[in-house]
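For reference, the structure is listed below as structure tokens.
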């Protein structure tokens, strides 16, 4: 063990043996006052999952993200429709005639 490790162990031992400083006067009352105030302000109840879902979804950030995604997808779909029809693949390039000979479908 090096000297830095020994010093750290000694300091941590001294810290664990000491008592924490006392809390300020009225600390517990201030905490409970804050809790009551937040409850009175109408913080969303977490016991109702549907209520939590709508509180999470109906915020500006998810709405803006959804509208942006819809706009980008709509623009991509619109630009794709202006490109014109794709070249069709002709599966009937060669057909069998009534005589059984292969003839080109283009003739």
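The values are calculated or read from the model by the stated rules, or taken from the named source; none is laboratory data. Note that this is a predicted model, so its numbers are computed, not measured. Reconstructed Cβ throughout: ideal geometry from the backbone, glycine too, with neighbour counts over all protein chains shown.
On inspection, residue 30 qualifies as assigned to a helix (DSSP H, G or I) and modelled with pLDDT of 90 or more.
Scan the stretch 61-70 and give yes if some residue there is modelled with pLDDT of 70 or more and either exposed (fewer than 10 other Cβ atoms within 10 Å of the Cβ) or in contact with a strand residue (DSSP E or B) (Cβ under 7 Å, 6 or more places away or on another chain) (or both), otherwise no. Even if it seems obvious, please write down each step before you answer.
Narrowing the stretch 61-70 to residues modelled with pLDDT of 70 or more: 61-70.
Add one more test, that the residue is either exposed (fewer than 10 other Cβ atoms within 10 Å of the Cβ) or in contact with a strand residue (DSSP E or B) (Cβ under 7 Å, 6 or more places away or on another chain) (or both), and what stays is 61.
Yes, some residue in the stretch 61-70 is modelled with pLDDT of 70 or more and either exposed (fewer than 10 other Cβ atoms within 10 Å of the Cβ) or in contact with a strand residue (DSSP E or B) (Cβ under 7 Å, 6 or more places away or on another chain) (or both).
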